[in-house]
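Enquirer: Quick one: structure below, then a few questions.
Since every read-out is calculated from the coordinates, none of them should be taken as a lab result. Computed from a predicted structure; not experimentally measured. Please note: Cβ atoms are built from the backbone with ideal geometry, for glycine as well, and neighbour counts cover all protein chains shown.
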Amino acid sequence: MLVVHVHVHVKPECVEAFKQATVANARESIKEPGIAGFDCVQQQDDAARFVLVEAYRTPQAPAVHKETRHYQTWRDAVAPMMAEPRTSVKYANLFPEDSAW
């Protein structure tokens, strides 16, 4: 399993709109067969910072995800909300080995 942490910093005035767009994307994303989990967390001491935790079943699943309409809608909607470019870090799942998330 591939786990990706996407670090997002949005403009303070865009926090609520970002949350709404991201939850809508997450709801659709977890319906994809290649996605084992999709969490969005908000930093407690800085409400404009988020981490999206995406768990993919296969190495190809992220590319498939990026071709979906809901991802493309999210990407385009949140682009002007960014305070800085989002970044991502990829991880390999170690435990549990058979995690469904």
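Enquirer: Quick check, is Ala48 loosely packed, with under 15 Cβ neighbours inside 10 Å and over 18 Å from Lys90 (Cα atoms)?
Expert: Numbers: loosely packed, with under 15 Cβ neighbours inside 10 Å: no; over 18 Å from Lys90 (Cα atoms): yes.
No: the conditions fail for Ala48.
Enquirer: I'd like the full set of residues that are without any contact (Cβ under 8 Å) to a residue 24 or more places away in the chain, surrounded by 12 or more Cβ atoms within 10 Å (Cβ to Cβ) and not basic (Lys, Arg), limited to the stretch 69-93.
Expert: Gln72
Enquirer: Shifting gears a bit: List, please: which pairs have Cβ atoms under 9 Å, are six or more places apart or on different chains, and start with a residue in the stretch 12-41 that is farther than 16 Å from Asp76 by Cβ and free of Cβ contacts under 8 Å to residues at least 40 places away in the same chain and end with one that is hydroxyl-bearing (Ser, Thr, Tyr) and in a helix (DSSP H, G or I)?
Expert: Ile35/Ser29; Phe38/Ser29; Cys40/Thr22
Enquirer: Would you mind telling me which numbered condition in (1) in contact with a helix residue (DSSP H, G or I) (Cβ under 8 Å, 6 or more places away or on another chain); (2) part of a helix (DSSP H, G or I) Asp39 fails?
Expert: Unmet condition: (2).
Enquirer: Now a separate question. Of all residues in the stretch 49-101, how many are of a type outside the set (Val, Ile, Thr) and in a strand (DSSP E or B)?
Expert: Keep residues of the stretch 49-101 that are of a type outside the set (Val, Ile, Thr), which gives 49-50, 52, 54-57, 59-63, 65-67, 69-72, 74-77, 79-86, 88, 90-101.
Right, trim to in a strand (DSSP E or B) and you get 49-50, 52, 54-56, 82, 88, 90-92.
The qualifying residues number 11.
Enquirer: From the list His65, His9, which residue is in contact with a Gly (Cβ under 9 Å, 6 or more places away or on another chain) and crowded, with 16+ Cβ neighbours inside 10 Å?
Expert: Values: His9 fails: in contact with a Gly (Cβ under 9 Å, 6 or more places away or on another chain).
Answer to the check: His65.
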